[in-house]
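Notes to accompany the following structure.
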Amino acid sequence: MGGALARGWRARGLGPVTIVEPDPAAAARLADTGATVAAIVPADLKPEVTVFAVKPQGMADVAPAYRKYAGGSVFLSIAAGRTLKFFAGTLGSSAAVVRSMPNTPAAVGRGFTVACANAAVSVSQRALCAALLEAVGEVAWVDDEALLDPVTAVSGSGPAYVFLLIEALADAGKAAGLSAVLAARLARATVIGSGELARLAPESPAELRRAVTSPGGTTEAALKVLMAPGGLGDLMTRAVLAAADRSRELAG
């Protein structure tokens, strides 16, 4: 995700950017970002924004080294489960922190990020963080940090649900007699095309669904299964609630 952001910043002409990446293999993969890649924090670094793009499990080891920038830098985190309270304890209570949750479509410029700022973040710092996040897609802000748990469950984890839908639709096509290759092509193209239609059409997804469902037709027969009690809607609700609960657990 950090690499996707850096590539988006390069495309927007934002920078200069310095990436601290101690792993040589990971550093090599960042060569196309246009950023300066360093194994350790440069001594003369004076960041306007410090972006934490590390796994949540490693944040407690990484973040303290950047405490010295509190007061001059706004800290932008994209790590799930690491709360504003955590950063206040790690970076100092006066540190300006924006916690955000992007998703993987950011890699193709179609991401969606929801962000929440603490009271120390200024108007200009919030605008700067918004510009950085908008380089890879849409951005929305919430005042209640607790909402980032269901956000994580819907959009942060959501791409995996869509990829699973493609897998399941392809498998169902094979079960109905299609070749594996054709079933995979049909499933992928159908989900991609339907998503683009949903993005561009003025109608709601429910209206689009009704428009393609002829009374007594094949789509209606399938939807009677998917929309039955315990069907797709109930399964998705259970899945999102499970992911949101896990997000809260990670936050401690």
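Data table
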item: Test: residue in the range 162-170 that is exposed (fewer than 11 other Cβ atoms within 10 Å of the Cβ) and in the same structural domain as residue 242 (by TED's automatic domain parsing); result: no
item: Some residue of the range 194-207 being surrounded by 14 or more Cβ atoms within 10 Å (Cβ to Cβ), at negative phi and not in a helix (DSSP H, G or I); result: no
item: The range 31-64, residues that are touching a Phe, Trp or Tyr at 6+ places or on another chain (Cβ under 9 Å), assigned to a strand (DSSP E or B) and of a type in the set (Ser, Thr, Tyr); result: 50
item: Yes/no for residue 126 being assigned to a loop (DSSP other than H, G, I, E, B) and either of a type in the set (D, E, K, R) or within 17 Å of residue 244 (Cα to Cα) (or both); result: no
item: Selection status of residue 228, more than 27 Å from residue 112 (Cα to Cα) and assigned to a loop (DSSP other than H, G, I, E, B); result: yes
item: Residue among 11, 25 that is exposed (fewer than 15 other Cβ atoms within 10 Å of the Cβ) and without any contact (Cβ under 8 Å) to a residue 40 or more places away in the chain; result: 25
item: Members of the range 231-244 found to be surrounded by 12 or more Cβ atoms within 10 Å (Cβ to Cβ), of a type outside the set (A, V, I, L, M, F, W, C) and part of a helix (DSSP H, G or I), listed by number; result: 233, 234
item: Any hit, the range 124-138, residues being farther than 21 Å from residue 237 by Cα and polar (S, T, N, Q); result: yes
item: Pick from the range 51-65, criterion out of contact with any strand residue (DSSP E or B) (no Cβ under 7 Å at 6 or more places or on another chain) and small (Gly, Ala, Ser), ranking: nearest to residue 14 (Cα to Cα); result: 53
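The values are calculated or read from the model by the stated rules, or taken from the named source; none is laboratory data. Note that the coordinates shown come from a computational prediction; the quantities given were computed from them, not determined experimentally. Using ideal geometry, Cβ is built from the backbone for each residue, glycine included, and neighbour counts are taken over all protein chains shown.
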